[in-house]
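Reading through the structure tokens given below for one structure.
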Amino acid sequence: MPISSEEYTQHISRQFNEDLEEVRSHILAMGGMVEKQVSDAVQALVEGDSALASEVLSNEKQVNGMEVRIDEECTRIIALRQPAASDLRLLVAATKANTDLERVGDEASKIAKMAIRLSEEGAIPRGYIEVSHIG
């Protein structure tokens, strides 16, 4: 059965929408993971929990991988679909958010490294409660 041009256009449009939704979904997943990293890193610092801090560090590679994957998805969509107007703005915003989320993940890792170092030095987590409010 031949595909009419109307069906073909709907298929392309539906696939494009699915591609955009996939990018959106991946950005949200990355955001959730980064949010947890920051929360865990601050908690590790405040409580002197080096095991939790180590967990944050081990998740850094996963966040970095997500950043690369999302960047590749956006680049592929821009190259293949040549989006215009609002779709292009959405993809550019997703790319910028992706980069910012990766940087926040890097900062969470820095906090986790500091938590491990302070824990190894035997520093008493005194006065760190203000850090939890900032975090």
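Nothing in this text is a laboratory measurement; each read-out follows from the coordinates by a stated rule. If you're wondering where the values come from, they're calculated on a predicted model, not measured in any experiment. All Cβ positions, glycine included, derive from the backbone under ideal geometry; neighbour counts span all protein chains shown.
If all Cα-Cα distances of region 7-124 are sorted into 10 Å bins from 0 onward, what percent lands in each bin, rounded to whole numbers?
Going out from 0 Å in 10 Å bins, region 7-124 shows 14, 36, 23, 15, 8, 3, 0 percent.
So, in Å, what gap is there between the alpha-carbon centers of region 20-44 and region 73-125?
Taking the Cα centre of each part, region 20-44 and region 73-125 sit 9 Å apart.
I'd like to compare 105-117, 87-99: which one has the highest average count of other Cβ atoms within 10 Å, and what's the full order after that? Before the final figure, lay out each step's value.
Numbers: 105-117: 19.8, 87-99: 15.5.
Per-residue mean Cβ counts within 10 Å order the peptides as 105-117, 87-99.
Using 1/(1 + (r/R0)^6) with R0 = 22 angstrom and r between the beta carbons of R76 and R103, what's the FRET efficiency to the nearest 0.05? Mind dumping the intermediate values first?
Working: r = 23 Å, r/R0 = 1.03.
About 0.45, to the nearest 0.05.
Compute the length gained on full extension between A29 and M114: take 0.36 nm times their separation in residues and subtract their Cα-Cα distance, giving the result in nm to one decimal.
Once the chain is fully extended between A29 and M114, it gains 28.0 nm.
Quote the FRET efficiency, to the nearest 0.05, computed for V92 versus S58 with a Förster distance R0 of 22 Å and r equal to the Cβ-Cβ distance.
Working: r = 31 Å, r/R0 = 1.43.
Taking R0 as 22 Å, the efficiency between V92 and S58 is 0.10.
What order do you get for 50-61, 33-44 when each peptide is scored by the mean count of other beta carbon atoms within 10 Å, highest first? Each step should come with its number before you reach the end.
Working: 50-61: 16.9, 33-44: 20.0.
Final packing ranking: 33-44, 50-61.
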